[in-house]
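One structure is given here, and the rest of the page talks about it.
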Ligand SMILES: [Zn+2]
């Protein structure tokens, strides 16, 4: 927290108490029919629009400019005519902050800045309890996490201690320390659940050689391709559940044990794809944060809404998020923008790679860097070239075997990245 202060302890305790009382209805909502989830969503969307138009200067202005009132928005189609909120708008948070919440009682959350300048999002205390605890609790419980399970977080910040203090159930290990240093402490802590970036877990599993036995692994923050998922699951002999979220909205969607897609928290978030249809830019409207309403926020990811229902029976719809942060799209010589997912799918079936990374070094050249396994041979290379030729027309593909693949300064791995300046989809 900054000098702003944030809510008092009493306020925090009161909201947490209120949140826990309301939790059973959140738990039940995931099993409602899709129609009832939609009805809930629509009701909350109307409240969110009203709050934004009445109390947030930016939206008040936009509604005035359009000459409309919240009551003129009678359907999702009407809602989709509202302008998009961009990251640029977030750089001037005063325009977004609702005037009926004192700023010194808000919680703050800052983006890491790995994809540009940092931005800060603000949450009222109820929204914070909802987003940071209750929504996550629902999703983790669905995957089998129990209150008595120990949780190890492998992340950028928040911890340098190599050893978890006695009696603690949650511990953070810094991903910026060498794995050999944190391994003994992680072994002794013996957490049931792990949280972290997929690329990091590939390396951790490899270094651990079976000495770490989590029961479940939650990943987020990077594109999780099927190849990486398999490497983590094989390495730890435990299932991977991917979670999709962002600093501004917090958790958006999560995998249940059926792994049919990511369940959107649709009772509390409106997810749109722009342009409507298949894959497109993700627009999010969180329906719980009254302190800083966001309508149609373009978060910088791409994704798609799936039409299938999950076999688990939950009414929360399925999405496929993060076909790639749009900066990871590659512009091909023919002008097409290639989603990273296309590349990872193309090489998925090829055996013998322990880790890999596609780097577009020039407009017509892509280097595939591979950390080879023992069974990587000439036929693997031929299989890769065959798989890539159809998706990379006119591109010269170089295959390079390397001992390791370095993470970005943020600690994240980029499976597909480009060094070529391209206009790319707007962020
Ligand atoms: Zn499901």
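Return the single residue from 337, 304, 216 with maximal mean-square fluctuation; model: Gaussian network over the chain, springs between Cα atoms under 10 Å.
Highest fluctuation of the listed residues: 337.
Give me the distance in nm between label points sitting 7 Å out from Cα along the Cα-to-Cβ direction at residue 336 and residue 169, one decimal.
5.0 nm
Within 10 Å of each residue's Cβ, count the other Cβ atoms and sort 88, 381 from fewest upward.
Arranged by neighbour count, lowest to highest, 88, 381 become 88, 381.
I'd like the antiparallel share, as a percent to the nearest 5, of DSSP beta bridges with both residues in the chain.
Around 60 percent of the beta bridges assigned by DSSP in the chain are antiparallel ones.
Could you line up 371, 252 from fewest to most neighbouring Cβ atoms inside 10 Å?
Least to most surrounded, the residues fall as 371, 252.
What relative contact order, as a whole-number percentage, does segment 329-418 give when Cα pairs under 8 Å and 6 or more residues apart are counted?
Rounded, it is 35 percent for segment 329-418.
In angstroms, what radius of gyration and Dmax does segment 73-217 have, counting Cα atoms only?
Looking at segment 73-217, its Cα Rg and Dmax stand at 19.7, 58 Å.
So which residue, out of 59, 133, 194, gets the largest mean-square fluctuation from a GNM of the chain using Cα contacts under 10 Å as springs?
Maximum among the listed residues: 133.
Of the candidates 412, 132, 250, which one comes out as most mobile in a Gaussian network treatment of the chain with C-alpha springs shorter than 10 Å?
Maximum fluctuation in the GNM of the chain, among the listed residues, is at 132.
Among 55, 262, 176, which comes first, second and so on when ranked by fewest other beta-carbon atoms within 10 Å?
The most exposed by this proxy come first: 176, 55, 262.
How large is the translational diffusion coefficient of segment 329-418 in µm² per second when you combine the Kirkwood radius over alpha carbon pairs with Stokes-Einstein at 25 °C and 0.890 mPa s?
Working: Rh = 13.4 Å.
Stokes-Einstein gives a translational diffusion coefficient of 183 µm²/s.
Here, each number is a calculation from the coordinates, and none is a lab measurement. Owing to the predicted nature of the structure, the values given are computational and were not obtained by experimental measurement. Using ideal geometry, Cβ is built from the backbone for each residue, glycine included, and neighbour counts are taken over all protein chains shown.
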